[in-house]
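Written out below as structure tokens is the structure these notes cover.
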Amino acid sequence: MSPLADITFSEPIPFLQEQHLEVRELIHRYAQEQVKPRAARLDEEKVFPHDTVAELAEMGMLGVPFPEEVGGAGLDYLSYILVIEELARVCGTTSITVAAHTSLGTNPIYQFGTDLQKEKYLRKLATGEMLGAFALTEPGAGSDARASKTTAVRDGDDWIVNGVKVYCTNGTHAGTVILTTKTENGITAFIAEKSFPGISNGTLEDKLGLRGSDTRELVFEDVRIPDENRVGEEGGGFKRFMMTLDAGRISIGAMALGLAQGALDVALPYAIERKQFGQTLGQFGAIQERLADMAVKIHTARLTLYHAAALKDEGRHVAYAGSIGKLYASEIAMEVIDSAIQIMGGNGFTREYPVERMFRDAKLCEIGEGTSEVQRLVISRMMLKSVQ
Amino acid sequence: MDIIVCMKRVPDSAAKITVAGDAKSIEQDGVDHVISPYDEIAVEKALQLKEAHGGTVTVVCLGVAAATKEIRQALAMGADQAVHLKDAGGNRGPLEIAQALAGVIKGRACDLLLFGKQSIDADNGAVGVMVARLLDLPVVSLVAQLDVADGRATVHRQSEVGTEVIEVTLPAAFTVQRGLAEPRYPKIKGIMQAKKKPLEEIDAPAPAGTMALDKLEPPAAREGGRIVGEGKDAVGELVRLLSQEAKVLS
């Protein structure tokens, strides 16, 4: 990569301490050397990145924000955000796999799990010995998560779960699935081991982007889950999952940010090298304006997301800052990548260059873990509430 | 088994190298540095040997103050300790570098002394064997395979003429090449632990001034190729050019 492509990225940022820079450098090098060359194949052949996941686990990248005592790397949420960003910069599929595992599949157990649950599952998840998944969405319950039709009925020390969950990232390969169910007094969350009898793989989704990511329908038929696998009190699942999503959103924002930066990484050297009408593209005012706008958007998204992550690391609520970061980063990612393709013209439209893949991958960021519409709802509600 | 690996900080091969205004050094702005790739292979091999046989791995680096970063990387990969011979500047030829390295290695426990076969900036390929000679150790260069058992090393020395299989009694020195081992990425934990590992800093002896660098200049830009004709009609002219001009056919 041209060192120039890094100018937009090498500005000192006050949020980043020495430890953040070290982790960023390590994951950057690994992503550029190992993940980038594999990205096109994952997309074209819809292959799950098993090798990459194993290597990331070895490095400690599957448990970045969790303490060493539970098997994690002992770093903070901002470090984790940097990892997602650097992976997304070269491969959306790899970044969503790690993000879903960490902030959705593992974090709820770390935050809300009992000691027994932590001992049984958290270490294996945080070390990357197994992947984690999270099942919230149902055929009839998307943004309206309360409309869940998956039921859990008490049977002695167990619960019997029936229902269908869709768009479950890592659903095929996960060792554990955290799921929400409807119980007598509200939404209750459980940890199901993927091997529990009665859990079967439904349709594997065929998607616009993130095609190597494992997005699976999971069917629960009379699945017996012990009460000790209940996460939080009965009826308390909805609030918990919303808190999980609040933090998870920052990582989806980081993924969008990484994809946008990745597109600029490709488009900028292209604009410097490509000549038309006897001059480089970068010498045309129209291209310069595009490049500047891309940089401004990326820079703003980066500061917004790092700010949200830093707030989370201070133990503050991040619903507001996280929603703003996720909404902004995912929308500018589409704009920035669109600009990258426009700068590169026909070349940008072909599979010779990765920007068309990034364009398809980035669209998910406006949808997953709360659509842009839901983010606006969250932000405006908090604004209105604050003046009432 | 105690292993010492000598490593050098070099500009990243992906960096765009330009000559600085003094015409005697390269422009450092915007140039990333790395452990010289063959040296990194030597570090990896040392770690693998340590994991298999026990012992310690010490890295020794003659380099500017900023080389601490590359030394920390070797520690993050798993080396136990490091010696940083701090270079305050000036030019050193391979022999002077070898003398400085031998000076700090002498007296330290060392069963195996490893080097990359050459650095990727100066490309002399001389320092490793010189250090071995100064320390009076047997040395095998261009090692692509290395196994250790019962105080002996069996190595494959790979050169243009073929592969030589050589047995050496330890302690001994080796310069290593690609194929010997694939350098690992540090773990996050390794990076954190590296900060607590012993890093001895010693001022390198001042250069003796036996070598002076007069001038650095970039190689001349390559000229484009020539198309001498098409199909079999081109063969006669092509053979003439290849034998008379390029002198690659006789």
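Give me the Debye-computed log₁₀ of I(q)/I(0) at q = 0.10, 0.16 Å⁻¹ for region A:3-131, equal point scatterers on Cα only, no solvent, two decimals.
-0.32, -0.79
Under 18 Å Cα-Cα from residue B:215, which lysines qualify once same-chain neighbours fewer than 8 residues away are excluded?
B:24
Over 21 Å between C-alpha atoms is what I'm after, so list which of A:165/A:207; A:149/A:207; B:16/B:247; A:182/A:239; A:124/A:165 land there.
A:149/A:207; B:16/B:247; A:124/A:165
Compute the long axis of helix B:94-105 from its Cα atoms, compare it with the longest principal axis of the Cα atoms of chain B, and write down the angle in degrees, 0 to 90, nearest 10.
That works out to roughly 20 degrees.
Using modelled backbone amide H atoms (1.01 Å from N, in-plane), which distant-in-sequence or interchain residues come within less than 5 Å of residue A:16's amide H?
So residue A:16 has HN proximity to no qualifying residue.
Got the relative contact order for region A:282-332 handy, in percent, Cα pairs under 8 Å and 6 or more residues apart?
Value for region A:282-332: 38 percent.
Projecting each Cα onto the charge dipole of chain A (Lys/Arg +1, Asp/Glu -1 at the beta carbon, about the Cα centre), which of A:99, A:236, A:334 comes out farthest on the positive side?
Farthest towards the positive pole: A:334.
Determine which aspartates and glutamates satisfy two conditions relative to residue A:363: a Cα distance under 15 Å, and not lying fewer than 8 residues away in the same chain.
In chain and number order, the partners are A:43, A:206, A:331, A:335, A:338, A:373.
With a cap of 16 neighbouring Cβ atoms within 10 Å, and only residues DSSP puts in a loop, list the GluC sites (Glu not before Pro) found in region B:13-65.
For GluC sites (Glu not before Pro) across region B:13-65 that sit outside H, G, I, E and B with at most 16 neighbouring Cβ atoms in 10 Å, the list reads B:27.
Let me have the 222 nm mean residue ellipticity of chain A computed from DSSP H runs of 4+ only, each contributing -39500 (n - 2.57), with the sum over all residues rounded to the nearest 500.
-15500 deg cm²/dmol
Using the 2.2 N^0.38 Å rule of thumb for compact globular proteins, work out how chain A stacks up: its C-alpha Rg over that value, please.
0.98
Give me B:61, B:110 sorted ascending by neighbouring Cβ count inside 10 Å, so fewest comes first.
In increasing order of surrounding Cβ atoms, one gets B:110, B:61.
List the relative contact order of chain B as a percent without decimals, with contacts defined as Cα pairs under 8 Å and 6+ residues apart.
RCO, chain B: 24 percent.
Once Rh for chain B is found with the Kirkwood sum over Cα pairs, what is the Stokes-Einstein diffusion coefficient at 10 °C and 1.306 mPa s, in µm²/s?
The estimated diffusion coefficient comes to 79 µm²/s.
Taking the dipole about the Cα centre of region A:132-236, with the C-beta of Lys and Arg at +1 and of Asp and Glu at -1, give me whichever of A:226, A:152, A:173 is farthest to the positive side.
A:173
Given charges of +1 on the Cβ of Lys and Arg and -1 on the Cβ of Asp and Glu, with all other atoms neutral, how large is the dipole of region A:203-345 about its Cα centre, in debye to the nearest 20?
520 debye
Under a cut-off of 17 Å between alpha-carbon atoms, report the aspartates and glutamates in cross-link reach of residue B:8, not counting same-chain residues fewer than 8 places apart.
Within the straight-line cut-off, residue B:8 pairs with B:32, B:39, B:40, B:44, B:70, B:87, B:96, B:121, B:123, B:200, B:201, B:203.
In region A:263-313, which chymotrypsin sites (Phe, Trp or Tyr not before Pro) fall in coil by DSSP and have 16 or fewer other Cβ atoms within 10 Å?
A:277, A:284
Rank B:57, B:165, B:94 by how far each Cα sits towards the positive end of the charge dipole of region B:2-203 (+1 on Lys, Arg Cβ; -1 on Asp, Glu Cβ) and give me just the farthest.
B:57
What ranking do A:315-323, A:167-175, A:81-89 get when scored by the average of other Cβ atoms within 10 Å per residue, highest first?
My ranking of the peptides, most packed first, is A:81-89, A:167-175, A:315-323.
Once you average over the residues of A:25-31, how many Cβ atoms of partner chains fall within 10 Å of each Cβ?
Mean partner-chain Cβ count within 10 Å for A:25-31: 3.
Cα-Cα over 19 Å: which of A:297/A:326; B:86/B:189; A:46/A:194?
B:86/B:189; A:46/A:194
For region A:111-190, run through the trypsin sites (Lys or Arg not before Pro) and keep only the ones in DSSP coil with at most 14 other Cβ atoms within 10 Å of their Cβ.
In loop regions of region A:111-190 (DSSP not H, G, I, E or B), the sparsely surrounded trypsin sites (Lys or Arg not before Pro) are A:149.
Arrange B:33, A:299, B:53 by Cβ neighbour counts within 10 Å, fewest through most, would you?
B:53, A:299, B:33
Since every read-out is calculated from the coordinates, none of them should be taken as a lab result. If you're wondering where the values come from, they're calculated on a predicted model, not measured in any experiment. No Cβ is skipped: glycine too gets one built from the backbone with ideal geometry, and neighbour counts run over all protein chains shown.
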